Amino acid sequence: MSKVRDMNLANEGIRKIKWVQKHMPVLEHIKKEFEKTKPFEGITIGSCLHLEPKTINLGLTLQAGGAEVAMTGCNPLSTHDDATAGGAALGLNMYGWREETEEEYYETINDVLDYKPDIIIDDGADMILVLHQERKELLNKVMGACEETTTGVHRLEAMHADGALKIPLIAVNDAYTKYLFDNRYGTGQSTFDAIMGTTNMLIAGKTVAVCGYGWCGRGVATRAAGLGANVIVTEVDAIRALEARMDGYRVMPTSEAVKYADLMITVTGNINVISGDDFKNMKDGCMLANSGHFNVEINRVDLENQSVSVEDVRESVEEFTMKDGRKIYLLADGRLVNLAAERGQGHPAEIMDLSFAAQALSAKFILENDLDVGVMKSPDELDYEIAGLKLKAMGIEIDNLSDRQNEYLNDWQEGT
């Protein structure tokens, strides 16, 4: 059963799903293995992820392993209606559509939980929170969950610290093949794909302020510099701020950066990164975008309160006219621009190949192991398996340690 916007979009969705499958060789390898071994036979997997073609391919991989798969979206603006229709036509239980209301958003999460999943795959931890607060009767059925993003991991670690988390949780986001590639290369490219496609704005010669220098922020700053921008980084962490300066970027407080920036991109996972007087000090024409998971980084209420009018001027672009006549532009309602903008397509398929391979193998790990309640990193052996498969798909060979080299590394007595 599925609840999607329009099943007439299924053929277009399937066409796009087939396209990304050609560029996700690791997940396709895992899918073939799952078809043979059927590790999820009799298991139900519920997911709350950004519903677009690459995510549907993850669902099909789990389905190939014997699972009954029910999927919903983790953001009201990131669902691709053709992808959900295509997934439904291919036998997945799909729930969600673009531009859901908040009520509809949580309704579809509950629709998936109605399947009584054995394993949950989440992005942002909304489904896990609903499970713990509203659907406690299902807790004993859930063997464990996987979390996709930094924001969700922080949220779940806080739950565990408060004694509120009742299930084992694998932080797939903390897998090396996830945060080193997805967070850096994926976020960097997809953020500017969406911004440039939405605004038709030249990046070269602009001053771009990147708020946050974690792995995602590093990726955004690198791509901005590569496109010819003058990059400013704002940070609260002294070590990351120092790293940003050593990487060649100007570093300053956000309250200063707003005076220079033509484009500001928040990617911190925190609330009110741009708020209050920041809007009073911005340049005329400044554009604001967020690549963090939730739409709390740019304080829209503060922006509205300081403006005299708000107008939609392009798809996913709102123009706020300030009391002094300046114009400030907010992209994609302050939601994660790389997926929520009308032109946003999310990370490239080659990147999500790694991330969703980690999800599939982590789900299998949950099934095969009796895990303790708490948050654990995705096992290193899965990381290296994924990296090895990706190198093989790319036609790249690497060295192996000789017996003598292994002996040397394990012998503490050899010295000068």
Can you tell me which residue in the stretch 237-254 is surrounded by the most Cβ atoms within 10 Å (Cβ to Cβ), limited to those that are over 17 Å from D278 (Cα atoms) and among the aliphatic types (A, V, I, L, M)? A244
Extreme residue, surrounded by the fewest Cβ atoms within 10 Å (Cβ to Cβ), among residues of the stretch 286-311 that are of a type in the set (D, E) and free of Cβ contacts under 8 Å to residues at least 40 places away in the same chain: E311
Output yes when any residue across the stretch 35-58 is crowded, with 21+ Cβ neighbours inside 10 Å, hydrophobic (A, V, I, L, M, F, W, C), more than 18 Å from the chain's Cα centre (by Cα) and more than 21 Å from I128 (Cα to Cα), and no when none is. no
Kindly check whether there is at least one residue in the stretch 151-160 that is in contact with a Cys (Cβ under 9 Å, 6 or more places away or on another chain), open to solvent by 10 Å² or more (accessible area, probe 1.4 Å), closer than 30 Å to E342 by Cβ and among the polar types (S, T, N, Q). no
Selection count where residues are within 14 Å of the chain's Cα centre (by Cα) and among the polar types (S, T, N, Q), scope the stretch 176-201: 6
For the stretch 214-236, which positions are charged (D, E, K, R) and open to solvent by 60 Å² or more (accessible area, probe 1.4 Å)? R223
Just the residues that are in contact with a Lys or Arg (Cβ under 9 Å, 6 or more places away or on another chain), open to solvent by 10 Å² or more (accessible area, probe 1.4 Å) and outside any loop (DSSP other than H, G, I, E, B), please, taken from the stretch 334-350. A349, E350
Taking the stretch 200-222 and keeping residues aliphatic (A, V, I, L, M), more than 30 Å from A175 (Cβ to Cβ) and touching a strand residue (DSSP E or B) at 6+ places or on another chain (Cβ under 8 Å) leaves M201, I203
Do the conditions hold for T207, that is, is it within 16 Å of G186 (Cβ to Cβ), modelled with pLDDT of 95 or more and among the β-branched types (V, I, T)? no
So which of L77, L27 is open to solvent by less than 40 Å² (accessible area, probe 1.4 Å) and at pLDDT below 95? L77
Meets criteria (surrounded by fewer than 24 Cβ atoms within 10 Å (Cβ to Cβ) and either touching an Asp or Glu at 6+ places or on another chain (Cβ under 6 Å) or under 21 Å from D122 (Cβ atoms) (or both)) for G66: yes
Residues of the stretch 157-184 being part of a loop (DSSP other than H, G, I, E, B) and β-branched (V, I, T), which ones? I167
Name the residues in the stretch 269-293 that are assigned to a loop (DSSP other than H, G, I, E, B) and either more than 17 Å from G214 (Cβ to Cβ) or polar (S, T, N, Q) (or both), would you? N270, N272, S275, K280, N281, M282, K283, D284, G285, C286, S291
Which listed residue is at pLDDT below 95 and buried (at least 19 other Cβ atoms within 10 Å of the Cβ), from D174, D123, D182, D118: D182
Pair list, Cβ under 7 Å, 6 or more apart: the stretch 82-105 residue in contact (Cβ under 8 Å) with a residue 12 or more places away in the chain, other residue in a loop (DSSP other than H, G, I, E, B) and of a type in the set (G, A, S): T84/G96; A88/S2; N93/S2; M94/S2; Y95/S2
Please go through the stretch 185-200 and give me each residue that is open to solvent by 30 Å² or more (accessible area, probe 1.4 Å) and either more than 14 Å from L263 (Cβ to Cβ) or part of a helix (DSSP H, G or I) (or both), ordered by number. Y185, Q189, D193, M196
Among the candidates T101, T151, T191, residue that is in contact with a Phe, Trp or Tyr (Cβ under 7 Å, 6 or more places away or on another chain) and either at pLDDT below 95 or of a type outside the set (D, E, K, R) (or both): T151
Residues of the stretch 1-14 being open to solvent by 100 Å² or more (accessible area, probe 1.4 Å) and in contact with a helix residue (DSSP H, G or I) (Cβ under 8 Å, 6 or more places away or on another chain), in sequence order, are R5, N8, N11
Counting only residues that are open to solvent by 10 Å² or more (accessible area, probe 1.4 Å) and farther than 30 Å from K54 by Cβ, how many does the stretch 317-333 have? 7
Lone qualifier among A70, A64, A83 - being out of contact with any strand residue (DSSP E or B) (no Cβ under 9 Å at 6 or more places or on another chain) and aliphatic (A, V, I, L, M): A64
The residue from V251, V233, V258 that alone is among the β-branched types (V, I, T), under 22 Å from the mean Cα position of the chain (by Cα) and at negative phi is V233
The stretch 364-395, residues that are open to solvent by less than 40 Å² (accessible area, probe 1.4 Å), of a type in the set (A, V, I, L, M) and under 18 Å from Y176 (Cβ atoms): L382, I386, A387, L389
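The values are calculated or read from the model by the stated rules, or taken from the named source; none is laboratory data. Source: prediction; values computed, not measured. Virtual Cβ from ideal backbone geometry, glycine too; neighbours counted across all protein chains shown. When the accessible area is computed, the model is the full protein with side chains, heavy atoms only, and any ligands, DNA or RNA have been set aside. Shrake-Rupley method; radii C 1.70, N 1.55, O 1.52, S 1.80 Å.
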